[in-house]
Structure formats: C-alpha cells, structure tokens
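Visitor: Structure in structure tokens, see below.
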Amino acid sequence: MSATPLTAHPAHAPPAAAPSGIWDWITTVDHKKIGLMYGVTAYGFFLLGGIEALVIRAQLVKPQSELVSAQFFNALFTMHATTMVFLAVMPLSAAFFNYIVPLQIGARDVAFPRLNAFSYWLFLLGGLLINLSFLLGFPPDGGWFAYASLSERMYSHSPAMDYWVVGLLVLGTASLAAGVNFIVTILNMRAPGMTMMRMPVFVWMTLVVQFLVVLSFPIITVGLIELLLDRTVGTNFFLPLHGGDPLLWQHLFWLFGHPEVYILILPAMGMVSEVLPTFSRKPLFGAPFVVFSGILIGFLGFGVWSHHMFTAGLGPVADAAFSATTMLIGVPTGVKIFNWIATMWGGRLRFTTAMLFSVGFIALFTIGGLSGIMHASPPIDLHQQDSYFVVAHIHYVLFGGAIMGLFSGIYYWFPKVTGRLLDEGLGKVHFTLQFVALNIAFFPMHFLGVDGMPRRVFTYDEADGWHLWNLVSTVGAWMIPIGLLVFMYNVWWSARRGPRAGDDPWDGASLEWAISSPPPVHNFDAIPNVPSDRPLWDQKYGDATLGLDRRDPHIHLPPNSYRPLIAAAGVTTVFGAFLIRGHDIYRHLLDAPGSTIQSIPFSSLFLATVATGVIVLLYGLYTWFFEPVE
Amino acid sequence: MSNSPRPVRNVAAAVATSLLAALAGCMGDAPQSTLHKNSDLADMTWGVYMLVTWITLAVGVVVFALLAYVVFRFRDRGEEGIPEQVHGNTRLEIAWTLVPLALVVAMAIPTVRTIFAAAAPAPEGAVKIKAVGKQWWWEFEYPELGVTTANEVHIPAGVPVAFEIVSADVIHSLWLPQFGGKRDAVPGRTNHLTFTARDTGNFVGQCAEYCGDSHALMKLRLVVQEEADFQRWVQEQKAPAQGDLVASGKPGPKAFLEGGCIACHQVRGNPIAAGRIGPDLTHVASRGTIGSGILDNDAESMRRWLRDPEGVKPGSLMKLPHKLSEQEVETLTQYLLELK
C-alpha cells in the first residue's frame, strides 16, 4: 500500500453566527444535509408505500377477501405506485445525487445551493399534500397512470384525483428545478482535470437522468395541467363527447412515463457501476461502453412510449415500430450486464453487503429485463398487458433493480456519510431476507399473469384458480419488512456505535474516499487535480497526485437561507388552491348532480388562496434574489 | 470470506424454484390461462409467444450461469496484491452487442409478421358483434342478427367473428384469454378483434383495463356453440318476451314498473320497459350468470342482487329509487327468472 490519502480537516471554523439545531436543517443549503433530508424523507415515504403494499397483499391472500372495500383497495394500489415512484425511488436517488455527486466531481456544493433546498421543500410539501388526501377521506383512486376518462370529473366526482394531479404538479416542479441544478453542477463544477470521460459512472448516470427529467417532466406537466383544467374549470381535453381524446392523455403520460422508468433505474445502475469495481478491485470493464449504453438507453427511452398502448389500437405500423425500438433497448441493457460480469471476471471479489446487493441487482434486474423483452412483442403483450405478469416485471425492475441498487449504495456510502461502518453481519442477514422474500413475493406473479389474473383487481374467485400463487406472494411480501427492520436497527445502532470507518474503508477509487468521513462542511480543503478516471486509486497504487495536501486560502460557502422554503410554500399554495376548487365542485355536484363545471362559481376562498400563494411565492423569490450571499 | 458462496446458492435456488414452479403454474387449473388456445388468432400468436419465451429463458440461463461462475470462481481467497487491472476489450464489447442484436432481430421479424397478420380485416361472412364496455358490464349487440344481450356472448365454432369494441364511458379492455389476447374499449374509438373459435364450450374473460370501483367484477362469458345451436340461440334471443311477461296487469311487469326498473332496462315486447342504460333483460333468465359474470343466475343470487346491488358490486350504477320490500324482491325474482 502506498501513501494514505490526505484527509481534509475543517480548514475554517464554521462562521460564528451559524444556525444550529432544527433551524439549521430548515435553512440549510449544504448539499450533504439536503441529501440526508431527501434520504430520510424518502425512506419514510418508502415505508408508507410499503404498508400500502402489505394491505394490498393481505386483501389478495385468499379469494373473496373482505379486508378492505373495493374503493379503498383501488386507492391503495394508486397510492402505492404513486408513492413508490415519486416519493420513494426518485427522491432516494436524489439523496445520492445530492450527497455523492459534488464529492465525486471535487466540488464544494451544487451549482445552485438554494435552488437545491427549494427542490427538497417542494418534494416534501408535494408528498405531504398528496397524502393529506388520506386524512381527509379522499385518497386518489384512479390508478397511478390516471387514465382519462376515468380520471375526469365526470367519472371521478370526488376531489381524490385533484390531490393526485396537484401533488404531482408540485413534485414535478421540484424534479425540474433539481434537474437543471444537477446538469449545471455536473457540466460546470467538475474539478480541474476531470474531463467528461473521467467522471465516475454514477455521475454520468446522474447526468443522463437529469436530462431525462428536464425533457420528460414538461410533457407530463402539460398533461397534468390539461387534466386539472378539465376537472376544475370544465375544459375538454380528454373527453371524446366534445372532441377530446382519452388517448391524448395516454400519449402524454407515457411520453413521460417511459423515460421515467429510466429515471428510476439508471441511478441504481450508476451505483452498481461504482460498487462492483471497488469490491472486485478492478476498474469498471469497458467503462465508456457502460456510459454510452446509458446514454443510448436515455435516447431510446423517448422512442418507446407506445409499447404501453399496444392494446389501445394504434394500428399495426405503430405497433411494429414501437415493438422494434423497445426490443432495441435490450441491447445496451445487455451490454451493461455483460460489462458488470466482466468487471468481476478475474477480480478479487469481496462480498461485503454492498457487493451482495449489487450482485443481487444484476440477477434480479436480468429477470425484469427479460420479461420486458417478452412484452415488447405486441402479440405477446396482448396476453400480458394489464396482467400480473406485468406486475411481476415492474417489481423485478423497480424492487429487484432500483431498490436493491439503492441499498447497495446505502451500504457503500453510509461510512462516508456517518463516519461509521454498518454492521456487516446484520447487513448480510438483511440482504438474504430481502432477496429471498422479494423472490417469493414477486416470482409467483409471473404465473398469475400467465394464468390470466388481471392487475388492479380487489378480489377474485375461488374458481379462477389463482389462490395458491396469491397466497405464496402474500407470504413473501410480508417477509420483506423483516429484512427492513434488521436494516433499520443496523442503521440506528451503527450510526452511533459502529466501528470508525476512516476515510477510505473500501479502498475506493473516486474522490469522495479521499476526504474525511463524514466530509467537512466545505468538502475539500483544496480543489483536487484529477489525473485519471480513478484518481484516488492512481494516487494509492500509481504515481498520481490529487494535490489535496494544501489548503485553499479562502473557501466561500453560501449562508443558510429560509427563502427557498418560503418560495416552495408559495408554489404549493398556488397549486393547493385547486384542491379547494375540487372540494367546491364536489359539494356542488352532491347538491345538484348534473351541473356543468363551468356553471360552478369560483369561491372566494379559492381565489384568496391563489392570491396568497402568488404573493408568498413572489415574496420568497424576490427576497431570495436579493439576499446577500457574503 | 466464508460466506461468499451464499449468493451462488441464492441465485441457484431462485432459478430452480422458478423453473419447477413454472411447470406447476402451467399445469394448474386456471380457466383464464393464457396458455390454453382456442382460436386461429391464439394459434397465430402462439409461435411468437413461445419463441420469445424460450429465447429470453435461454439468455437468462446463460447470464445466470456466467454470474454464478464469476461469483464463485473469483471470490477473494486472501491472495496477495491486487488483480490485473483490465480496462476492457473492444472485441468482447462488439460481440456482446451483436449477439443481443441478432436475438432482437430473430424476435422482431416474427413479431412484425404476426402483428400484420393479426390486423387483417375481418373476412366476408364474419359474425359481427359490437362489444360495448360500460361501468361495470359488457353489452353485446349483433347488428346483423338483431340481438342484444349482456355479459354472455355466444359465437359459432368454425365461423369467423368480428368484434367491434367500443366504450360508453371510460376505458375498458375486452380480454378473452383463450382467443388471442385483449383489445381496449376506448371512448370515441372503435377497436377490432377478429378470430375463428375452434372448440365449443363455455369460456371466461374479464375486463383488463382498470375502470373504477368494480373493475374486478367486470367479467364475461363466451359460449362457443355448434353453428346450428348458435342459430337456435339467435332465434330465441330475437323473440320478444311472452305476452304474460309484458302484460301490465300481471304482478311481475307491475313490480318491474313500480320498482323503477323500466327507467334503465329493456324487456322487448313491453313498450314501457324500454330503458337502454342497464342490461337488456328480455331473456335474462337464459344467461348463466348475473351481475356481469359474478353470480350464478338463480333465485338466491337474484334476491341478493335486488336487495342491495351496491353491496354485491361496489359503486354499482343501479340506483334503486327506493329500497325494495321483500315482497317486491320476491315478485321481481320470480318474474326475472321467467324471462327465458
């Protein structure tokens, strides 16, 4: 072993007036703290979405179960998917973008630290807003895809779907702001010497994801606003009665929805591409190919949306074209899998928990990828579409893929974040329990789909012949929380008592392992020089020097600010006002069924709330722009 | 490390369990199984279905074998130093780009052929059936035969049938698994499903697109009959209800009027029972089930349904003007069961 990297110790004492305690968390603009807040909040939503899933599985454990009502069951699967996609997996990934990307590119923070805080607060408020619906008795029940016409006021009178639309608009704003922020951060804030092709693959995948976000969220935003206008002011975008088209919604939703799949999975692929080389003690095999296949997946991801619509009747030409593009995505995905296996080939594999989760990711994601190839073929998809086969597929991709990858990332970077190692024994128990449980939960869903069980059904009949595999699946699903409890105990215990990690517990290759654990508030005493794609490895095992053994004379960090929270509250209030409008319309329709939406006057409470939101937003933005930063 | 083979065991166990379970799953008795095929369309898609299934399974086996080998073979045994730092190999990259590409082409060609073959227009002489998806039941109309029925569609074996699939409210999906998959019923559009059934018998299907509260209870029956039996069924369905089932003085038709049923339901032959919102009940007693395939069509089910439609079918749009008395329930039950 050669020279141990120099640890950065705080070069400056924090400013005397630095806020402390809860106020510090509320006003922080530090990417690391924001990353932690994203992680903890998203994990909370992950548990909530998990509880929803457990009730779904409990209802389906036997035929003709009457545990929950049809309406509540429909709300549960709507909110389970909405929660897992928008409130759990996306923001868990965002936690890693926030914490890890600036460290890996040798930056002191993201490009726009206050915008970063703004994104987090919007995410939190949007998540709370959409879940407020449960407390008020109107949980959204139109499916996470909210197909018109069912999601229109004519077929969903209650304000339930208003919560869904409004919540997603707030969350989308958060994602867009974050997307812009991370694109600028990655393109502009890399340390000297870090060319694009020297960026860690996790940073690359983050960059691809941010482009997907910035290009795809405007599309769903258009759809959401159209749906909101249909529902609250009586426009007619998706109702065929007056010339609208329900398929327009499907196009808008899936033009967003398919890139969204890659928004969910590419971060995990990036993490796996960090973890596998570290614990194989080799560089990532064919790193440029892994990067370019990630970019290609991002491009192709915009050209496949209609494979969600093979049953909708778009005609043979469209079906054939979208089938071909969809199958093509299998090629760069396959390239990644082979490169990961080749990374391990000839390596010296250390099966830490992080490594186990990454290997588990490859195995499970392969299953999900292959079943995806199956329904890329429309003749097969006409059998599998909207059946449990697709439910199996998305859970292998999102739980077996994204969540396993995220856990790999948690075990890998936890020591960097906390300065302490997670217990490896408990970690392996967690991995084993989770790996076994999710296969028991999700593999039988393939059989249910082949046996003709449609998805989103709150009940089935004894005569359908689906009870055995539903029972097995429910048992598996209820085993998943056991592993999670072990994980949470591990985090709780290790964060305070775990062994000290040191700067570089895994013998890593990238810049974050060159600084102390946890990192100092300014990350790097000096901005490093990046000589290669594995800077720290080459400093340890080669003759590269990062130049971290000096100290910049002046380190500027932006001061805390509560303005992003004010602005976020303003945005949320403006959108949230439409919930008042939704409740107004619902009350009106109960009194006078059949009245048109246009005939229902805007209430003064609605108008006052919009006005308040606008004023708060403008105040927040104005003071934010003129806030002194020195 | 002592525990390094664990992933190998997990992966191997998962594969073995999956394959065994797959066999069991295929053999289980599920009437809606996509693996039973009973039409030319189902036969047509079968080739692609199996080809793609086997290719993906084979790729899966190769990847899992490689992964298992690598995980076992290259585990850290405590050797000195660091392994050789291999950065990549362009030939290998090209190989594992081209092989998946070749497999994709192998799957895409029969896929595209099947797509166009299945989209061929219905042949002359096909039995035309208009399937209308409604929350939460199916109306079937035979425009050329003058028959309208609900939730139970009869077709002749060996004769092409051409479904025109439409919706009256939200998106539904007509899924008859053994006849070649599903097609959506999209408001404002007409979709087509054409096939020729092979064997006679009773088959089940279900709405596949989430369509609101009782989506799970939107089932349907498909009865494939010999041509002669089908023609007999058509004649029976075309006939209006018999005189004493429409005469206004009789208790049955009277209860049907006073219960408000006429607002939504049609009993052909009775001019005031002309509602078109709910299912046509002219021959309701001839059907095997009520409530769109969820209850056997007998007196007990009928009573249950009439007492509380919403309790049987959450969100049911059958809103009774008043809660029916037991007397009314009984009269209506007897009446409806006579509408053969």
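The values are calculated or read from the model by the stated rules, or taken from the named source; none is laboratory data. For clarity, every value in this text was computed on a predicted model and none was experimentally measured. So basically every Cβ, Gly included, is an ideal-geometry build from the backbone, and we count neighbours across all protein chains shown. Keep in mind that these areas ignore ligands, DNA and RNA; they rest on the heavy atoms of the full protein, side chains included. Shrake-Rupley method; radii C 1.70, N 1.55, O 1.52, S 1.80 Å.
Visitor: What FRET efficiency comes out for A:ASP507 versus B:ARG91 if R0 is 30 angstrom and r is the Cβ-Cβ distance? Round to the nearest 0.05.
Guide: Calculated value: 0.50.
Visitor: If you place +1 on the Cβ of every Lys and Arg and -1 on the Cβ of every Asp and Glu, how big does the dipole about the Cα centre of the stretch A:32-552 come out, in debye to the nearest 20?
Guide: My answer is approximately 1520 debye.
Visitor: Same structure again: Specify the angular offset, from 0 to 90 degrees and rounded to the nearest 10, of the alpha carbon long axis of helix B:90-118 from the longest principal axis of the alpha carbons in chain B.
Guide: Helix B:90-118 sits at roughly 20 degrees to that axis.
Visitor: Show which aspartates and glutamates lie in cross-link reach of A:LYS336 when reach means a straight Cα distance below 18 angstrom and same-chain residues fewer than eight apart are skipped.
Guide: A:GLU274, B:GLU93
Visitor: To continue, here is another question. Could you grab the relative contact order for chain B? Cα pairs under 8 Å, six or more apart, rounded to a whole percent.
Guide: Relative CO of chain B lands at 15 percent.
Visitor: What are the residues whose amide H is under 5 Å from the amide H of B:LYS128, where those residues sit 5 or more places off or on another chain and H is modelled from the backbone?
Guide: Hits under the 5 Å cutoff: B:GLU144, B:ALA162.
Visitor: Whole-Hz Karplus ³J(HN,Hα) for the stretch A:224-234, in order, using 6.51 cos²θ - 1.76 cosθ + 1.60 and θ = phi - 60°, x for Gly and Pro?
Guide: 5, 5, 4, 5, 4, 5, 4, 7, 10, 10, x
Visitor: Here's a follow-up. State, in square angstrom and to the nearest 100, the accessible area buried between chains B and A, both chains counted, probe radius 1.4 Å.
Guide: Heavy-atom accessible area buried at this interface is about 8200 Å².
Visitor: Another question, then. Which parts of the stretch B:222-261 would a label at B:GLN334 reach, counting a residue when its backbone N lies under 19 Å from a point 7 Å out along Cα-to-Cβ?
Guide: B:242-261
Visitor: Further question on the same structure: How long is the gain from B:ALA119 to B:CYS264 if the chain were fully straight, where each residue apart is worth 0.36 nm and the alpha carbon distance is subtracted?
Guide: Once the chain is fully extended between B:ALA119 and B:CYS264, it gains 48.6 nm.
Visitor: Short version: which residues of the stretch A:366-396 lose at least 30 Å² of accessible area, all chains versus chain alone, 1.4 Å probe?
Guide: A:THR366, A:LEU370, A:ILE373, A:MET374, A:PRO379, A:ILE380, A:LEU382, A:HIS383, A:ASP386
Visitor: What does the stretch A:499-615 give for Rg and for Dmax, in Å, if only its C-alpha atoms count?
Guide: Final numbers for Rg and Dmax: 28.0, 80 Å.
Visitor: For chain A, rounded, prolate or oblate, judged on the Cα gyration tensor with a ≥ b ≥ c (square roots of eigenvalues), a/c < 1.5 rounded, else prolate if a/b > b/c?
Guide: Cα axes put chain A in the oblate bin.
Visitor: Which whole-number percent is the relative contact order of the stretch A:12-143 (Cα, under 8 Å, 6+ apart)?
Guide: For the stretch A:12-143, the relative contact order is 37 percent.
Visitor: Any idea of B:ASP229's accessible area? Nearest 10 Å², probe 1.4 Å.
Guide: Accessible area, nearest 10 Å²: 60 Å².
Visitor: Report, in deg cm²/dmol and to the nearest 500, the calculated mean residue ellipticity at 222 nm for chain B, where each DSSP H run with n ≥ 4 adds -39500 (n - 2.57) and the sum is divided by the residue count.
Guide: Theoretical 222 nm ellipticity from helices: -13000 deg cm²/dmol.
Visitor: Got a number for the accessible area of A:TYR622? Probe 1.4 Å, square angstrom, nearest 10.
Guide: 140
Visitor: Over chain A, what is the mean sequence separation of C-alpha contacts under 8 Å (at least six apart), divided by residue count, expressed as relative contact order in percent?
Guide: The normalised contact order for chain A reaches 20 percent.
Visitor: According to a simple spin-label model (label point 7 Å from Cα along Cα-to-Cβ), what is the distance in nm between B:ALA168 and A:ASN529?
Guide: 7.9
Visitor: For the Cα atoms of chain B, what angle does the longest principal axis make with the long axis of helix B:6-27, in degrees from 0 to 90, nearest 10?
Guide: In chain B, helix B:6-27 runs at an angle near 30 degrees to the longest axis.
Visitor: Then there is this: Which part of the stretch A:408-440 falls in the paramagnetic zone of A:ARG500, meaning amide N under 20 Å from the point 7 Å along Cα-to-beta-carbon?
Guide: Within reach of a label on A:ARG500: A:413-424.
Visitor: Further question on the same structure: Grab the beta carbon distance between A:GLU627 and A:ARG551, set R0 = 25 Å, and tell me the FRET efficiency rounded to 0.05.
Guide: It comes out at approximately 0.30.
Visitor: State the answer as a single residue: which of A:VAL101, A:ALA160, A:PRO140 lies farthest towards the positive end of the charge dipole of the stretch A:88-207, with beta carbon charges of +1 for Lys and Arg and -1 for Asp and Glu, about the Cα centre.
Guide: A:VAL101
Visitor: Of the cross-linked pairs B:LYS37/B:LYS182; B:LYS128/B:LYS219; B:LYS130/B:LYS319; B:LYS254/B:LYS323; B:LYS134/B:LYS340; B:LYS219/B:LYS319, which ones have a Cα-Cα span greater than 18 Å in the structure shown?
Guide: From B:LYS37/B:LYS182; B:LYS128/B:LYS219; B:LYS130/B:LYS319; B:LYS254/B:LYS323; B:LYS134/B:LYS340; B:LYS219/B:LYS319, over 18 Å: B:LYS128/B:LYS219; B:LYS130/B:LYS319; B:LYS134/B:LYS340; B:LYS219/B:LYS319.
Visitor: Given the options A:LEU124, A:PRO531, A:ALA544, identify the residue whose Cα lies farthest towards the positive end of the charge dipole of the protein assembly as shown (+1 on Cβ of Lys, Arg; -1 on Cβ of Asp, Glu).
Guide: A:ALA544
Visitor: Share of the stretch A:445-568's accessible area from carbon and sulfur, percent, 1.4 Å?
Guide: Answer for the stretch A:445-568: carbon and sulfur cover 62 percent of the accessible area.
Visitor: Under a 5 Å amide H to amide H cut-off, with H placed in plane at 1.01 Å, what residues pair with B:VAL204 once short-range neighbours are removed?
Guide: For B:VAL204, whose amide H was placed from the backbone, the distant partners under 5 Å are B:LEU222.
Visitor: Another question, then. In Å², what does the accessible area per residue of chain B work out to with a 1.4 Å probe?
Guide: Here the residues of chain B average 44 Å² of exposed surface.
Visitor: A further question on this structure: Carbon and sulfur: what percent of chain B's accessible surface (1.4 Å probe)?
Guide: With neighbouring chains kept in place, the figure for chain B is 60 percent.
Visitor: Given Cβ point charges of +1 (Lys, Arg) and -1 (Asp, Glu) and nothing else, what value in debye, to the nearest 20, does the dipole of the stretch B:138-239 about its Cα centre take?
Guide: 200
Visitor: Under a 1.4 Å probe, what is the accessible area of chain A per residue, stated in Å²?
Guide: Ligands and nucleic acids excluded, the figure is 32 Å² per residue.
Visitor: Which value, in debye to the nearest 20, describes the size of the charge dipole of the protein assembly as shown about its Cα centre when Lys and Arg Cβ atoms bear +1, Asp and Glu Cβ atoms bear -1, and nothing else is charged?
Guide: It comes to approximately 1720 debye.
Visitor: Leaving ligands, DNA and RNA out of it, rank A:ARG581, B:ARG198, B:ARG91 by accessible area with a 1.4 Å probe, largest first.
Guide: In descending accessible area the options line up as B:ARG91, B:ARG198, A:ARG581.
Visitor: So what is the 222 nm mean residue ellipticity for chain A from helices alone, if each DSSP H run of at least 4 adds -39500 (n - 2.57) and you divide by all residues, rounding to the nearest 500 deg cm²/dmol?
Guide: Roughly -22000 deg cm²/dmol at 222 nm, from the helical runs in chain A.
Visitor: Out of residues 5 or more away from A:LEU239 or on other chains, whose amide H comes under 5 Å of its own, with H placed 1.01 Å from N in the peptide plane?
Guide: Result for A:LEU239 returns A:GLY244, A:ASP245.
Visitor: Which value results for Rg/Rh of the stretch A:569-630 when Rg is the Cα radius of gyration and Rh the Kirkwood radius based on the inverse mean 1/r?
Guide: 1.24
Visitor: I need the calculated FRET efficiency for the pair A:SER604 and B:LYS319, taking r as the beta carbon distance and R₀ as 35 Å, to the nearest 0.05.
Guide: Plugging the Cβ-Cβ distance into 1/(1 + (r/R0)^6) gives 0.55.
Visitor: On a 1.4 Å probe surface of the protein chains, which of A:PHE299, B:PHE179 comes out largest in accessible area, and what is the full order?
Guide: Ranked from most to least accessible, the order is A:PHE299, B:PHE179.
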